[in-house]
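Worksheet for the structure shown next.
The values are calculated or read from the model by the stated rules, or taken from the named source; none is laboratory data. No experiment lies behind these values; they were computed from the predicted model shown. Cβ: placed from backbone, ideal geometry, glycine included. Neighbour counts: every protein chain shown. Areas reflect the complete protein model, heavy atoms only, side chains present, ligands, DNA and RNA absent. Shrake-Rupley method; radii C 1.70, N 1.55, O 1.52, S 1.80 Å.
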Amino acid sequence: MTTIVVVRKGHQAAIAADSLTTFGTTRLAPAYDRSPHKIIAYRDSFIGVAGSAAHQLVLENLLGKNPDLALHGKDSI
């Protein structure tokens, strides 16, 4: 299970996520994971990724090939 937390106070926000990757009952510690970070920075947005490790690879590939995607609201996404 992935945990992603966002807290806002006034005009500032903090976002954090765990860094443990699992495959069924197998756990992969961050020290052995090529990319343990579950928060991706894209332009002026931050994206928290939860789900299969393959989802993050697909998302990073998509963002890398499309530098002008609009992520400023549900309709844009």
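On the given criteria, is D33 without any contact (Cβ under 8 Å) to a residue 40 or more places away in the chain and closer than 20 Å to T3 by Cα? I'd like the intermediate steps shown before the answer.
On the way: without any contact (Cβ under 8 Å) to a residue 40 or more places away in the chain: yes; closer than 20 Å to T3 by Cα: yes.
Considered against the rule, which asks whether it is without any contact (Cβ under 8 Å) to a residue 40 or more places away in the chain and closer than 20 Å to T3 by Cα, D33 comes out as yes.
Scanning the range 40-52 for residues that are open to solvent by 50 Å² or more (accessible area, probe 1.4 Å) and on the phi < 0 side of the Ramachandran plot gives A41, D44, F46, A50, S52.
In this structure, does H37 turn out to be at negative phi and within 11 Å of the chain's Cα centre (by Cα)?
Values: at negative phi: yes; within 11 Å of the chain's Cα centre (by Cα): yes.
So H37 passes the test.
For L62, the conditions (1) in contact with a strand residue (DSSP E or B) (Cβ under 8 Å, 6 or more places away or on another chain); (2) open to solvent by 60 Å² or more (accessible area, probe 1.4 Å) all hold with the exception of (1).
Restricted to the range 41-74, and to residues there that are at pLDDT 85 or above and among the β-branched types (V, I, T), the residue that is nearest to L20 (Cα to Cα) is I47.
Entry remark, the range 19-29: residues being touching a strand residue (DSSP E or B) at 6+ places or on another chain (Cβ under 8 Å) and open to solvent by less than 60 Å² (accessible area, probe 1.4 Å) number 2 in total. Taking the range 7-52 and the strands (runs of 3 or more DSSP E) fully enclosed by it, the elements with 1 or more residues that are of a type outside the set (A, V, I, L, M) and in contact with a helix residue (DSSP H, G or I) (Cβ under 9 Å, 6 or more places away or on another chain) are at 21-23, 39-42.
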